[in-house]
Number of protein chains: 2
Amino acid sequence: MTKYNIPVQVPVGVSNKHIHLSQNHLEQLFGPGHKLTELKPLYQPGHYACKEVLTIAGPKGIIPNVRVLGPLRSQTQVEVSRTDSYLLGIKPPLRDSGDLEGSAGCILMGPKGTVVLEEGVIIAARHIHCSPEEAEALQLKDKDRVNLSVAGERSVIFNNVLVRVAHGLRLELHVDTDEANASFLGNSDFAYILEKSTEKEAIPLVVKEFQKV
Amino acid sequence: MTKYNIPVQVPVGVSNKHIHLSQNHLEQLFGPGHKLTELKPLYQPGHYACKEVLTIAGPKGIIPNVRVLGPLRSQTQVEVSRTDSYLLGIKPPLRDSGDLEGSAGCILMGPKGTVVLEEGVIIAARHIHCSPEEAEALQLKDKDRVNLSVAGERSVIFNNVLVRVAHGLRLELHVDTDEANASFLGNSDFAYILEKSTEKEAIPLVVKEFQKV
């Protein structure tokens, strides 16, 4: 088991609800030939928040002014928190980015049109981004899982956090707003990798299953 | 250090935003001589949700239909999540119930009147309730702190959870909606006491402070 002598400091990025659009949906929502307008760069190189915002609608409510993130993707993906999902009245699954099959639907409303999204709405699973060089230094590889500690008034340990290694990315922990608010994490904060996850973390789950029998 | 051979199963109670009222404020909001009407009992004996609801207002927004819990208290206390606090535009501190000095204010609006609350709004610190008999069996005493594990897709460990021992209470972990949504906990779920908290949990905090210098 890899256990670090000193916890490894990781910058935290809090993901508010946001939308990744396909070319097709971009044009349906903002008009033919529309191009995304960069508002500000994100921490991960090449990624940016756009001027464009949309309204997300579900059977129980709407959320206006949801930010579109660039660049475009092959498939539209809407990321909300569980809190957001209750407001909308939908049940998105917890998923890694890009894993959209059988996920929840919603309606997207833009200035020039509406898209009825049959699937594409997820609650994003927390994860760490890092470059191959950072991964090597930390003795980690793609799809490893690690336990991270958050200090402070609402100290928690996040178990089994997915590690995603890719060229051009930088070391960063992505959590959603529920996770950030539950642990009082903000964008200028840090979390700490304690160790690689082991099967130990699964023990309470077994106990739980046993109790339900 | 107390470390249990088998994690101790604790039922989870998720606290949505709610209001405890003083006699004085009850009458200002619902009219002179008004009595609370029990809607349903809570898990802790003697505590109950009331038919009465109020609107909470802050500088940035309002939250309607916030449940009043009974019985009455000597001082009005409003418990919200950090998510709620952003919507209202107020900054309540993380506090134990009853510790209201210097906490945030808000406006409460009822059918018969309005109360401008100078202080009394808090984000409730997660805690475990238990009876003296349960505490003894678990080798815990009032104001101890424990680490609890939550299993499942969003497995976390909640560090330094306050233990509150009192006659007439039952073993239960209270978390707010941010903590519940961050760990996918619901009212029919369980958390597991792993051990008494030690000073180990404070280490990342020290690292964090050091990094900021």
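The values are calculated or read from the model by the stated rules, or taken from the named source; none is laboratory data. Treat the numbers as computed from the prediction; the structure is a model and nothing was measured. For neighbour counting, all protein chains shown are included, and Cβ atoms are generated from backbone atoms with ideal geometry for every residue, glycine included. The accessibility values were calculated without ligands, DNA or RNA, using every heavy atom of the protein model including side chains. Shrake-Rupley method; radii C 1.70, N 1.55, O 1.52, S 1.80 Å.
Just one of the listed residues (B:Ala191, B:Ala180) is part of a helix (DSSP H, G or I) and at pLDDT 95 or above, and it is B:Ala180.
Just a yes or no: is a residue in region B:109-117 within 14 Å of chain A (Cβ to nearest Cβ), within 19 Å of B:Val66 (Cα to Cα) and either in contact (Cβ under 8 Å) with a residue 24 or more places away in the chain or open to solvent by 30 Å² or more (accessible area, probe 1.4 Å) (or both)?
No, region B:109-117 contains no residue that is within 14 Å of chain A (Cβ to nearest Cβ), within 19 Å of B:Val66 (Cα to Cα) and either in contact (Cβ under 8 Å) with a residue 24 or more places away in the chain or open to solvent by 30 Å² or more (accessible area, probe 1.4 Å) (or both).
Scanning region A:118-137 for residues that are of a type in the set (A, V, I, L, M, F, W, C), open to solvent by less than 10 Å² (accessible area, probe 1.4 Å) and assigned to a strand (DSSP E or B) turns up A:Val121, A:Ile122, A:Ile123, A:Ile128, A:Cys130. Annotation note: Cβ proximity below 7 Å between a residue of region B:168-191 that is at the interface with another protein chain (Cβ under 8 Å from one of its Cβ atoms) and a residue that is charged (D, E, K, R) and assigned to a helix (DSSP H, G or I) (sequence gap 6+ or interchain) occurs for B:Asp178/A:Asp178; B:Asp178/B:Arg82; B:Asn181/A:Arg82; B:Asn181/A:Asp178; B:Ala182/A:Asp178; B:Ala182/A:Glu179; B:Phe190/A:Lys208.
Here B:Arg154 meets the list (1) part of a strand (DSSP E or B); (2) closer than 27 Å to B:Glu195 by Cβ almost entirely, failing just condition (1).
Kindly indicate whether any position in region B:2-22 is within 14 Å of chain A (Cβ to nearest Cβ), loosely packed, with under 15 Cβ neighbours inside 10 Å, charged (D, E, K, R) and within 24 Å of B:Asn147 (Cβ to Cβ). Within region B:2-22, one or more residues are within 14 Å of chain A (Cβ to nearest Cβ), loosely packed, with under 15 Cβ neighbours inside 10 Å, charged (D, E, K, R) and within 24 Å of B:Asn147 (Cβ to Cβ). Scanning region A:68-113 for residues that are in a loop (DSSP other than H, G, I, E, B) and aliphatic (A, V, I, L, M) yields a count of 3. Among the residues here, B:Lys40 qualifies as of a type in the set (D, E, K, R) and in contact with a Phe, Trp or Tyr (Cβ under 8 Å, 6 or more places away or on another chain).
Screening region B:1-67 for strands (runs of 3 or more DSSP E) wholly inside it with 3 or more residues that are in contact with a Lys or Arg (Cβ under 8 Å, 6 or more places away or on another chain) and more than 30 Å from B:Leu140 (Cα to Cα) returns the ranges B:48-57. Of everything in region A:145-167 that is within 8 Å of chain B (Cβ to nearest Cβ) and in contact (Cβ under 8 Å) with a residue 40 or more places away in the chain, the residue that is surrounded by the fewest Cβ atoms within 10 Å (Cβ to Cβ) is A:Asn160. Within region A:14-40, can you find the residues that are under 17 Å from the mean Cα position of the chain (by Cα) and of a type outside the set (Val, Ile, Thr)? Correct list: A:Ser15, A:Asn16, A:Lys17, A:His18, A:His20, A:Leu21. Do we find that B:Ser103 is in contact with a Leu (Cβ under 7 Å, 6 or more places away or on another chain) and either within 19 Å of B:Thr55 (Cβ to Cβ) or of a type in the set (Ser, Thr, Tyr) (or both) in this structure? So B:Ser103 fails the test. The set of residues from region A:1-55 being in contact with a Pro (Cβ under 6 Å, 6 or more places away or on another chain) and aromatic (Phe, Trp, Tyr) comprises just one member, A:Tyr48. The C-beta contact set for region B:85-100 (first residue closer than 16 Å to B:Asp176 by Cα, second residue open to solvent by less than 50 Å² (accessible area, probe 1.4 Å) and charged (D, E, K, R), distance under 7 angstrom, 6+ apart or interchain) comprises B:Leu94/A:Arg154.
Scanning for something within 10 Å of chain B (Cβ to nearest Cβ) and modelled with pLDDT of 95 or more, does region A:132-139 turn up at least one residue?
Looking for residues that are within 10 Å of chain B (Cβ to nearest Cβ) and modelled with pLDDT of 95 or more, one finds none in region A:132-139, hence no.
Of everything in region B:65-76 that is under 26 Å from A:Ser81 (Cβ atoms) and touching a residue at least 40 places away in the same chain (Cβ under 8 Å), the residue that is most open to solvent (accessible area, probe 1.4 Å) is B:Arg67. Taken over region A:41-53, the criterion of being open to solvent by less than 30 Å² (accessible area, probe 1.4 Å) and either more than 18 Å from the chain's Cα centre (by Cα) or basic (Lys, Arg) (or both) is satisfied by A:Glu52 alone.
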